[in-house]
1. Ordered by packing density, taken as the mean number of other Cβ atoms within 10 Å over each peptide's residues, highest first, how do 79-89, 34-44, 61-71 rank?
2. Could you tell me the calculated FRET efficiency between LYS90 and GLU111, based on Cβ-Cβ distance and R0 = 22 angstrom, to the nearest 0.05?
3. Regarding the range 31-131, what's the average projected area of the Cα-atom convex hull, expressed in nm²?
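Each value in this text was obtained by applying a stated rule to the coordinates, not by laboratory testing. Remember, predicted model here, so these are calculated numbers, not experimental data. Here the Cβ positions follow ideal geometry from the backbone for every residue, glycine too, while neighbour counts run over all protein chains shown.
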Amino acid sequence: MAIANKELTTAEVAYTVIGEKCNFLPQIDKVQYINSIKDLPSKESSMAHMMLFSGNVQGVLQAGLVYQAIQVHINLYNWDRALELAVKHKTHVDTVLAHRQKYLEDFSKKETNRRFLQYSGEVEVDHSSSFNSEKQHIQKMLTCDGIISCFMI
């Protein structure tokens, strides 16, 4: 209920108490996630993460927060869904590919996913350009006046 009302501090306290009383570790993960939501740089990112936390995945997309939805899936290493959203909305495909390539490089792995191999051949991935595009998007989020329409991609 606290999450639905966007009361992150109340939700944090509730999950902490539940975790302490029941010695239930998944609640601790929720407290950490709530704290990470509080630290996000923009209201739109916070809103997207709160929607996802409460299970309203479709609401993030309906609110026009495509970039945030893609970024959340990247952060969760849900690569297939991140690519699916990027392709469907024809935006940030290079960003998904760049993050995936960096992830694989960090673990000394080679790409085996057919869809990623396909799009890697079709989309030029310039890591510096892709990450600069992300920085520009984040900067835009920080300078907008909180109107969701300025985030529609």
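1. Top of the packing list down: 61-71, 79-89, 34-44.
2. 0.50
3. Hull-based average projected area comes out at 7.1 nm².
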